[in-house]
1. Starting from the Cα gyration tensor of region A:73-233, take the square roots of the eigenvalues, sort them a ≥ b ≥ c, and report rounded, prolate or oblate (rounded when a/c is under 1.5, otherwise prolate if a/b is larger than b/c, else oblate).
2. For region B:73-233, what's the relative contact order in percent, using C-alpha pairs closer than 8 Å and at least 6 residues apart?
3. Using amide H atoms built 1.01 Å from N in the peptide plane, name the residues 5+ places from B:Y66, or on other chains, whose amide H lies under 5 Å from its own.
4. How many nanometers, to one decimal and shortest first, lie between the label point of A:K218 and those of its other copies, if labels sit 7 Å from Cα toward Cβ?
5. Please give the helix B:101-118 orientation as an angle from the longest Cα principal axis of chain B, in degrees from 0 to 90, rounded to the nearest 10.
6. Tally Lys and Arg at +1 and Asp and Glu at -1 over the other residues with C-beta under 13 Å from the C-beta of B:V45: what net charge comes out?
7. Copy-to-copy spacing for A:A100, label 7 Å out on the Cα-to-C-beta vector, in nm, shortest first?
8. To the nearest 100 Å², how much accessible surface do chains A and B cover up together, summed over both, with a 1.4 Å probe?
Number of protein chains: 2
Amino acid sequence: MSDATQTARAGKAIRDLIISGVVLPGERLAEVQLADRLNMSRTPVRSALNTLSHEGLVESLPGRGYAVASFAADDLRHAVELRGLLEGTAARQAAERGAAIFEVDQLNRVLQDIDALFQDQTTWKDHVHEYVDLNEEFHRLLIESAQNPVLARLYEQLIKLPFASPSDLVVGYWHLPGSFGKFTAAQHQHWAIVESIAAGRGTRAEFLGREHAEITTKALGEMLRSGALSRDLMATATRRSGPAARG
Amino acid sequence: MSDATQTARAGKAIRDLIISGVVLPGERLAEVQLADRLNMSRTPVRSALNTLSHEGLVESLPGRGYAVASFAADDLRHAVELRGLLEGTAARQAAERGAAIFEVDQLNRVLQDIDALFQDQTTWKDHVHEYVDLNEEFHRLLIESAQNPVLARLYEQLIKLPFASPSDLVVGYWHLPGSFGKFTAAQHQHWAIVESIAAGRGTRAEFLGREHAEITTKALGEMLRSGALSRDLMATATRRSGPAARG
DNA sequence: TCAGTTCGGAATGTATACACAGGGATTTGG
DNA sequence: CCAAATCCCTGTGTATACATTCCGAACTGA
């Protein structure tokens, strides 16, 4: 049940502390305190904090350790838009290079499984977890289809940010009213993206990828208005390293 | 003359070892060996290796340390293309939000300084170093003009890859025949990008940013054919973690 | 009362010692 | 002679002790 190394365990634990809101944005993360809480030495904690700082969940202070990173609502919107940009680029490159048949088949198979979940509007919410997995699998295959390791690496770094990954947004959104319509619309776009890739229509594939992010942005806006994210993220979101323009 | 911390010193030293080709792609990086060579303990070396693995210069092996990352020619091309994508996006967002006058002025001022360097085709090579600085400053201002911290972060992570940053490519290319024409063409695009931002023409700004990367890709191709990069990068470039598609 | 300085403590940066796992070389059996 | 298993050794993972720096608070002087 435990991870192989203490460092991995520390990373997961600290990430959970941040995501769950136990520690608030801006709050200092003292090594000894974390090591004590996690029953391990400072060494793996330090290593995990170093990793998390590169992933963007914590920020490294010059000479005095680390603090939980603050995210403004605009940051979340920007992250979603950039994810659409990268996914659109992946779709375009897959179309331009001529994706192999088995790759398109893989994508189609995932979409068929999602369609099956959506057939019954009254019971689909019992299968949200399956949808999360399938949706994540689709986006993973989409990035892979570009066969571009640099893009894949950039994508991985982007979706490490909270609520930038496909799964995070689905988990936070599915229970809101009207979510079924958004999900079915998104699924329609999924089909169109794969169709574009299979047909070699790179430009259409790219812009569908971007448009797909627009739905996500709308959903994110509803989540923010509904207050689902406000407590954790908006509390200290006003402060960020940006220029002090309007002192 | 030395950095503040041993960790920073270790990071710089190991990066230099990789860039200068003292250690070859694929080669293992043993902590004790590095600590011995740099006259420090394993702790800061380990921390630096962790950082470098997130930057992409070294790859972390499951349970046995680190190795120098391998870059294929395609990886370099992909990195340049993605840089164009991000710079184009930054330009579009700057145009769409309506960049402030002083920001456009800053960009124009840098371009005027570059123009001054290019006035005399016979002596411009004496000022390559100044051009490198100004070019880097322009691209930095361009990214800043989007006022998008997430995009800026992604860009920073991308240009940490070898030969993905504007400066790296200029330094490797300026001495090749015909470089003057490429640089003046690139400068023409710089002016057009700023003009588009000032005029609020987001679409034109974005595609100019992408097209700007095409010149860079061409220059990269010439560098690869000229053998300037072959020794360091191409030697072990064939091997990469990708799928074993063509046995 | 306020400003400057100095002292103290707490947390990070670094070094070293120990435990453990993985791999390669050697040896043994067929 | 080849294959497989075992042993040893190199190197990473972790813990802990020490050094150092940075911030804050208290004290002193004007």
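The values are calculated or read from the model by the stated rules, or taken from the named source; none is laboratory data. This is a predicted model, so every value here is computed, not measured. Ideal geometry is used to build each Cβ from the backbone, glycine not excepted, and the neighbour counts take in all protein chains shown. Just so you know, the surface numbers come from the protein's heavy atoms only, side chains and all, with ligands and any DNA or RNA stripped out. Shrake-Rupley method; radii C 1.70, N 1.55, O 1.52, S 1.80 Å.
1. Cα axes put region A:73-233 in the oblate bin.
2. It rounds to 43 percent for region B:73-233.
3. Result for B:Y66 returns B:L29, B:L61.
4. 4.2
5. Helix B:101-118 sits roughly 80 degrees off the main axis of chain B.
6. With Lys, Arg at +1 and Asp, Glu at -1, the neighbours total +4.
7. 5.2
8. 2600
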